[in-house]
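First the structure, in the form of structure tokens, and then the observations on it.
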Amino acid sequence: AQSVAQPEDQVNVAEGNPLTVKCTYSVSGNPYLFWYVQYPNRGLQFLLKYITGDNLVKGSYGFEAEFNKSQTSFHLKKPSALVSDSALYFCAVRDGGGSYIPTFGRGTSLIVHP
Amino acid sequence: NAGVTQTPKFRVLKTGQSMTLLCAQDMNHEYMYWYRQDPGMGLRLIHYSVGEGTTAKGEVPDGYNVSRLKKQNFLLGLESAAPSQTSVYFCASSRGLGGPDTQYFGPGTRLTVL
């Protein structure tokens, strides 16, 4: 079975400060990990994914994520937050050796204050 | 390319009425998915399809039916709508050729059942 947890319903950060949105996962095989972003009244958009290799993955809009196998985490980060980053962020996991269907977390609302 | 489109964007139904939501993709993707999004619940998979003519149940299939008669279309049906089906519905597609498959989402359909 596969599962993913986003422990924070909401993250607040001031513009210009670094941000972190947390994600932990559980799979029986090797994980494929994804981050998606949802702006108000829109569908989800792909940000980045981890397959294998370098633990630091760079994605769209200046976001990056760090894969940590020992802590089973895949936290989303950005060095300097923008007000326009305010959105709902979803982490997803797929077991590389199992089902092709990913499991999504419940989402974390990121609010960047001016 | 239009990507993934959904019809209609909004709909209000009375309890017991039926309706069909249409999802279309122009990326020649094998896999298609229907999700519902409710506050605090994240994305929940209703049904999915791994190819033309095939469908499978997801996490919350009760009260819904689907069909995939053409590769580019995935229909979601509500035979007898209930207030509990008030939600935002998202369709997604992916290549489905194995590996870390990125999903592409439609803009969503906001359904209210009175």
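The values are calculated or read from the model by the stated rules, or taken from the named source; none is laboratory data. From a predicted model like this one, the values you see are computed outputs, not experimental measurements. We place every Cβ from the backbone using ideal geometry, glycine too, and count neighbours over all the protein chains shown. Only protein heavy atoms, including side chains, enter the accessible area calculation; ligands, DNA and RNA are left aside. Shrake-Rupley method; radii C 1.70, N 1.55, O 1.52, S 1.80 Å.
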Among beta bridges that DSSP assigns inside chain B, antiparallel share in %, nearest 5: 90 percent
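May I ask you to list the GluC sites (Glu not before Pro) in the range B:1-96 that are in a DSSP loop and have at most 15 other Cβ atoms within 10 Å of their Cβ?
Of the GluC sites (Glu not before Pro), the ones in loops of the range B:1-96 whose Cβ has at most 15 other Cβ atoms within 10 Å are B:E52, B:E59, B:E79.
Report the local net charge at A:L47: Lys and Arg +1, Asp and Glu -1, summed over other residues whose C-beta lies under 13 Å from its C-beta.
Details: positive: A:K49, A:K58, A:K77, A:K78; negative: A:E64, A:D85.
Net charge in that neighbourhood comes out at +2.
Quick one: pull the percent of accessible area on the range B:54-114 belonging to carbon and sulfur, 1.4 Å probe, ligands and nucleic acids left out. Don't skip to the answer; put the middle values down first.
Values: 1470 of 2740 Å².
Its accessible area is 54 percent carbon and sulfur atoms.
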Heavy atoms of A:I111: accessible area, 1.4 Å probe, square angstrom to 10: 50 Å²
The range A:54-114, relative contact order in percent, only Cα pairs under 8 angstrom and at least six apart counted: 25 percent
Cα shape, chain B, gyration tensor, a/c 1.5 rule: prolate
In the B-A interface, the accessible area buried, summed over both sides, Å² (probe 1.4 Å): 1700 Å²
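Given an 8 Å cut-off on Cα distances and at least 6 residues of separation, report the relative contact order of chain A as a percent.
Working: 290 pairs, mean separation 43.1, N = 114.
The value is 38 percent.
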Per residue, in Å², the accessible surface of the protein assembly as shown once ligands and nucleic acids are set aside, probe 1.4 Å: 47 Å²
Net charge over other residues, Cβ less than 12 angstrom from the Cβ of B:R68 (K, R count +1; D, E count -1): 0
Global form of the range A:37-114, assessed from the alpha-carbon gyration tensor, a/c cut-off 1.5: oblate
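Tally Lys and Arg at +1 and Asp and Glu at -1 over the other residues with C-beta under 15 Å from the C-beta of A:Q10: what net charge comes out? Don't jump to the answer; show the numbers that get you there.
Details: positive: A:K22, A:R106; negative: A:E8, A:D9, A:D85.
Local charge sum for A:Q10: -1.
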Buried on assembly, the range B:29-74 (at least 10 Å² less accessible surface than by itself, 1.4 Å probe): B:Y31, B:Y33, B:Y35, B:Q37, B:G40, B:M41, B:G42, B:L43, B:L45, B:Y48
The range A:42-85 versus the range B:1-57: alpha-carbon centroid distance in Å: 26 Å
